[in-house]
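Below you'll find the structure, written out as structure tokens, and then a few comments.
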Amino acid sequence: MKAISLLNHSKGALGLRFFGLGPNLKPTNGLKKLQKLLHNNTFWAKNRTINDLKKCLANSDVVISIWVGNEIVGFGRALTDGIYRGVLWDIVIDQNHQGKGFGKLIVNNLLSSKEIKSTKKIYLMTTNKKLFYSQMDFKEVTSQNLLIREI
């Protein structure tokens, strides 16, 4: 059985962005593997470029990844002002590793991070995982509307 590693990357995921670091701070081509994880397991992050991933990681307050051996199988990130609002983004588990508790592990680590844990409201958007998130006390809000502006 391959080792399972949860990585709580530094703010901006410097090691992952510049050196492709994975478990044990070893180069694993991690950024390309993250791109592949997102491409193969989402419809909303399918065509993210390496440069765009570098930018979104650089501007993320909390970045968590899960690895089985040298393969990334889970990922999530968060942004926050540290007091009033935070948002969870890009939570994804490889389809071959779903149902093993990895999603809960990522969400719980994001929520318990020093940057997020005292934030009054945490937002997230989901298309088809509402039941999953409701298990972690996220509630559907009908009193607000989601608005979006795309470029």
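Numerical summary
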{"quantity": "Test: residue in region 38-45 that is open to solvent by 10 Å² or more (accessible area, probe 1.4 Å) and either of a type in the set (Gly, Ala, Ser) or within 22 Å of Glu115 (Cβ to Cβ) (or both)", "calculated": "no"}
{"quantity": "Single match in Gly99, Gly82, Gly86 (criterion: more than 27 Å from Asn40 (Cβ to Cβ), open to solvent by 30 Å² or more (accessible area, probe 1.4 Å) and not aliphatic (A, V, I, L, M))", "calculated": "Gly82"}
{"quantity": "Some residue of region 47-58 being at pLDDT below 95 and open to solvent by 60 Å² or more (accessible area, probe 1.4 Å)", "calculated": "yes"}
{"quantity": "Residues (farther than 12 Å from Ile91 by Cβ and either touching a residue at least 24 places away in the same chain (Cβ under 8 Å) or hydrophobic (A, V, I, L, M, F, W, C) (or both)) located in region 110-121", "calculated": "Ser113, Glu115, Ile116, Ser118, Thr119, Lys120, Lys121"}
{"quantity": "Test: residue in region 18-26 that is of a type outside the set (Phe, Trp, Tyr), more than 12 Å from the chain's Cα centre (by Cα), open to solvent by 40 Å² or more (accessible area, probe 1.4 Å) and closer than 15 Å to Asn109 by Cβ", "calculated": "no"}
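The values are calculated or read from the model by the stated rules, or taken from the named source; none is laboratory data. Keep in mind the model is a prediction, meaning the values are calculated, not measured. Quick reminder, even Gly has a Cβ in these numbers, built from the backbone with ideal geometry, and neighbours come from all protein chains shown. Heavy atoms of the whole protein, side chains included, go into the accessibility calculation; ligands, DNA and RNA do not. Shrake-Rupley method; radii C 1.70, N 1.55, O 1.52, S 1.80 Å.
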